[in-house]
1. Quick one: angle between helix 260-272 and the longest Cα principal axis of the chain, in degrees between 0 and 90, rounded to 10, please.
2. Output the 0 to 90 degree angle, nearest 10, between the alpha-carbon long axis of helix 198-213 and the longest principal axis computed from the alpha carbons of the chain.
3. Set the Förster radius R0 to 30 Å, insert the Cβ-Cβ distance between Ser141 and Ile38 as r into 1/(1 + (r/R0)^6), and round the FRET efficiency to 0.05.
4. I'd like to compare 94-101, 110-117: which one has the highest average count of other Cβ atoms within 10 Å, and what's the full order after that?
5. Counting only heavy atoms of protein chains, what accessible area per residue, in Å², does the chain have with a probe of 1.4 Å?
6. For Cα pairs less than 8 Å apart in space and 6+ apart in sequence, what is the mean separation divided by the residue count of the chain, i.e. the relative contact order in percent?
7. Between 0 and 90 degrees, rounded to the nearest ten: what's the tilt of helix 30-41 against the longest Cα principal axis of the chain?
8. Post the alpha-carbon centroid distance, the range 108-149 to the range 182-239, in whole angstrom.
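The values are calculated or read from the model by the stated rules, or taken from the named source; none is laboratory data. Note that the structure is a prediction, hence the values are computed from the model and not measured. Ideal geometry is used to build each Cβ from the backbone, glycine not excepted, and the neighbour counts take in all protein chains shown. Remember, those area values only see protein heavy atoms, side chains included, never the ligands or the DNA or RNA. Shrake-Rupley method; radii C 1.70, N 1.55, O 1.52, S 1.80 Å.
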Amino acid sequence: MTPTPQQSPEALFPDEFKRPTLGMGPFEAPALQRNLEIVRAAAADHRMDWSRWFGPGQAFTLTLSGREAIGLALDDLALPREAEVLILTTTGGPYISACVTESIEARCRWSRTPGPATRAILVIHEFGFPASLPPELATLSLPVIEDVAYALGSRTPDGTVGRLGDYVVYSFPKSMPLSFGGLLKSPRPVAGTGTLSDQARRELPVLVDHYMAGIEAAYARRRELYGLYARLFAAAGFKPRLALADGVVPHAFIVAMDDQARAMAMKPRLYEMGVISSVYYGGGGYFLPNHQELSDAAVEYIVANFLTAYAATA
């Protein structure tokens with residue numbers, strides 16, 4: 001059974017000059033003007049209390065991106081080239097973004113299993129679904145970098161998200177309609193300053209303060225859209241790769257899909273229709289945008305094009 005579309009075929013499958021661009025993050029073109037107006041309306045003496053939104057920390061360093069924040073944390077640890085960073089993820093699967101692995105490889109090595117060369121641990125909350133630090137690793141007293149880039153807002157009963165790491169990494173464009181910006185929370189001021197311009201350093205706190213004030217509504221919308229995805233896909237016989245538990249703020253919808261070769265063949269077809277998405281490599285799925293700026297109609301568009309690409313690659 002396939003879902004009954006609420007939109008015409010012409011709307012769901014427009015010609016190449018009229019297709020939308022639906023990205024993984026909530027930044028879209030109208031935000032350019034909105035953000036400019038937010039900055040212009042801000043008080044000249046605006047001061048940001050980072051601990052208000054991101055919890056207590058000794059130091060907060062603004063960065064261009066989450067990737068740059070990971071790099072500053074690694075630089076602060078000053079690990080030798082032969083050292084290894086143990087990477088832990090929610091599912092334990094092989095999927096890790098190249099942004100993470102390349103940042104580590106520029107400084108030392110990384111591994112998915114602990115060993116004698118392990119000198120630090122990187123915990124990644126995949127697409128908002130909380131990961132954990134096993135007790136046997138916690139007792140090693142190794143420095144922990146916690147990647148919360150895709151997990152802003154997610155909570156666990158024990159409140160560990162954003163509290164596991166000595167260093168905590170945020171990436172604002174994954175959660176807010178911003179085109180740049182990251183944050184590193186650290187146990188002490190780090191030596192690096194990042195590559196943000198002076199103007200960006202003045203504007204970013206204003207923008208983050210503004211969007212964090214209304215972020216709970218964004219969290220609720222992401223959960224609502226996840227439910228819509230689940231219903232539309234269920235009607236076509238598909239399931240989510242990860243169940244949405246209480247407290248999770250999903251930053252993607254991952255369709256369970258065992259045929260990775262088929263998923264890889266679908267990716268360029270979806271990009272052609274403006275759906276920025278990718279294969280959950282080695283994890284049995286394909287991930288799709290799930291953020292607060294999407295309309296219900298946009299989700300229907302994404303699902304319709306996913307199902308068409310799936311059928312075309314049989």
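1. 80 degrees
2. Taking the Cα atoms of the chain, the angle to 198-213 is about 60 degrees.
3. Numbers: r = 43 Å, r/R0 = 1.42.
The formula returns an efficiency of 0.10 here.
4. Top to bottom by mean Cβ count within 10 Å: 94-101, 110-117.
5. It amounts to 46 Å² per residue over the chain.
6. Values: 565 pairs, mean separation 78.9, N = 314.
Rounded, it is 25 percent for the chain.
7. Its long axis makes an angle of about 40 degrees.
8. Measuring centre to centre over Cα atoms gives 22 Å.
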